[in-house]
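All remarks here apply to the structure that follows.
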């Protein structure tokens, strides 16, 4: 319903939103940069933010485009 109301071609709130449809805000780019830093330094990190801010989306996006594989 909101897609036609706002003239959208996709659901921006879809859980499976591809990275190409993500808005590259300053915070989004900064978190990707920090994940790259953790990858390069083999470090450990903690990301905190209120619910709905995109933490999971950024982490999934980063893992899908890199050679890092989470331990199962």
*For the stretch 46-62, what are the residues that are in a loop (DSSP other than H, G, I, E, B) and surrounded by 11 or more Cβ atoms within 10 Å (Cβ to Cβ)?*
47, 49, 53, 54
*Show the residue pairs that are 6+ apart or on different chains and have beta-carbon atoms under 8 Å apart, the first residue being within the stretch 27-45 and farther than 12 Å from residue 58 by Cα, the second being not in a helix (DSSP H, G or I).*
37/43; 38/44; 38/45; 39/66; 39/68
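Might you let me know whether the stretch 34-41 holds any residue that is part of a helix (DSSP H, G or I), out of contact with any helix residue (DSSP H, G or I) (no Cβ under 7 Å at 6 or more places or on another chain) and exposed (fewer than 10 other Cβ atoms within 10 Å of the Cβ)? Talk me through it step by step, then tell me what you get.
Going through the stretch 34-41, the residues part of a helix (DSSP H, G or I) turn out to be 34-41.
Restricting the remaining residues to those that are out of contact with any helix residue (DSSP H, G or I) (no Cβ under 7 Å at 6 or more places or on another chain) gives 34, 36-41.
So of that shortlist, the ones also exposed (fewer than 10 other Cβ atoms within 10 Å of the Cβ) come out as 40-41.
Within the stretch 34-41 (the criterion being part of a helix (DSSP H, G or I), out of contact with any helix residue (DSSP H, G or I) (no Cβ under 7 Å at 6 or more places or on another chain) and exposed (fewer than 10 other Cβ atoms within 10 Å of the Cβ)), the answer is yes, since at least one residue qualifies.
Residue by residue through the stretch 14-23, note down the ones that are in contact with a helix residue (DSSP H, G or I) (Cβ under 9 Å, 6 or more places away or on another chain), closer than 12 Å to residue 54 by Cβ and loosely packed, with under 10 Cβ neighbours inside 10 Å. If you could, list the steps in order and put the result at the bottom.
From the stretch 14-23, those in contact with a helix residue (DSSP H, G or I) (Cβ under 9 Å, 6 or more places away or on another chain) are 14-15, 17-19, 22; that's our starting set.
Subsequent filtering for residues that are closer than 12 Å to residue 54 by Cβ retains 15, 17, 19, 22.
Within the stretch 14-23, just 15 meets the criteria.
Any read-out appearing in this document is the output of simple, stated calculations on the displayed coordinates, not a laboratory observation. Note that the structure is a prediction, hence the values are computed from the model and not measured. Note that we place each Cβ from the backbone using ideal geometry, even for glycine, and neighbour counts take in every protein chain shown.
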